[in-house]
Amino acid sequence: MNKITLRAIQGGILAAGAPVGWLIIRCLSGADLLTELQQHSGLYAYMLFGTQAVFISFSLYVGKQEQLISNLAIRDSLTGIFNLRFMVERMNEEIANAQRYQTPLSVIYLDLDHFKKVNDQYGHPGGDEVLRKVTQAISLKTRAQDVFARVGGEEFAILLPQCSYTDAKDYAERIRLTIEQLSIEIPPHRSFGVTISLGVATLQEQESVNAFYQRADQNLYLAKQQGRNKAVA
């Protein structure tokens, strides 16, 4: 349950306290419960629905602000995907789960090729647009349980729970092809394309977070050495 829904429910519960509280006061003052409700039904209905509207509206606003603050803490401001902090937290959690339940876990590290040339040719605003387009294209290929994060300037990571070595390799190749075929337009320039290099690793038994990360990073380095636009596992 997200913060917005939670706060709306809490606001509705608190709002019910106004008519109930007043009814309790009236009964303590000697009024008969049934008579009070019959004679003042309109008042109690107004109090109930009026306070509900006010409390729920305010609670929705508070929930949205809390959700925004939470997103700022775990989301990359440029691309909208998760940030390095969140990736590290989830990687620790998923490694613990994978080792406990003996389930596969893979990670893909990827980096845009020759991104400095993109910035030099199209400027940093153009480079930012390329990063947004690339992340949008990759996001369409990720599963609901995957964690896609920006972990550096033009560096990204995808954590793949329940994903074997073979599946992770195929996954990385599909992403590589997706970006290779992506057409990017930054007016007034002509459309152009970019490529990415990817390093894939699948968690080994009793492997640490650092070792897991380093193997994926080393494979990314090998992909760069082998000519870029490659996925190395």
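The values are calculated or read from the model by the stated rules, or taken from the named source; none is laboratory data. Keep in mind that what you see is a predicted model, and the values were worked out from it rather than measured. Cβ sites come from the backbone with ideal geometry, for glycine too, and all protein chains shown count toward neighbours. When the accessible area is computed, the model is the full protein with side chains, heavy atoms only, and any ligands, DNA or RNA have been set aside. Shrake-Rupley method; radii C 1.70, N 1.55, O 1.52, S 1.80 Å.
May I ask for the distance between the Cα centers of the range 197-224 and the range 92-112, given as a whole number of Å?
Each part reduced to its Cα centre gives a spacing of 11 Å.
Over the chain, what lengths in whole Å, largest first, do the semi-axes of the equivalent ellipsoid take, defined as the square roots of 5 times the eigenvalues of the alpha-carbon gyration tensor?
Value: 53, 24, 12 Å, ordered largest first.
For the range 187-233, treating each Cα as an identical point scatterer without solvent, what Debye log10 I(q)/I(0) comes out at q = 0.22 1/Å?
For the requested q values the scattering log ratios are -0.72.
From largest accessible area down, sort 29, 197; use a 1.4 Å probe on the protein chains.
In descending accessible area the options line up as 29, 197.
Would you kindly calculate the translational diffusion coefficient of the range 76-149, applying Stokes-Einstein with the Kirkwood radius from alpha carbon pairs, for 20 °C and a viscosity of 1.002 mPa s, and quote it in µm² s⁻¹ without decimals? Write out the running numbers ahead of the final one.
Details: Rh = 14.2 Å.
In µm²/s, the coefficient is 151.
Please give the charge dipole size of the chain, origin at the Cα centre, charges +1 on K and R Cβ atoms and -1 on D and E Cβ atoms. Round to the nearest 20 debye.
280 debye
Which helices, counted as full DSSP H runs in the chain, have an axial Cα extent of no less than 30 Å and a Kyte-Doolittle average of 0.5 or above?
Numbers: long enough: 41-74 (48 Å, 0.77).
Answer set is 41-74.
Accessible area per residue for the chain in Å², computed with a 1.4 Å probe and the full protein assembly in place, what is it? Walk me through the intermediate numbers first.
Values: 13420 Å² over 233 residues.
I get 58 Å² per residue for the chain.
Can you give me the Rg/Rh ratio for the range 123-233, using Cα atoms for both radii and the Kirkwood formula for Rh?
Values: Rg = 14.7 Å, Rh = 14.9 Å.
Rounded to two decimals, Rg over Rh is 0.99.
For residue 228, what accessible surface area do you get with a 1.4 Å probe? Give it in Å², rounded to 10.
Residue 228 exposes around 90 Å² with every protein chain in place.
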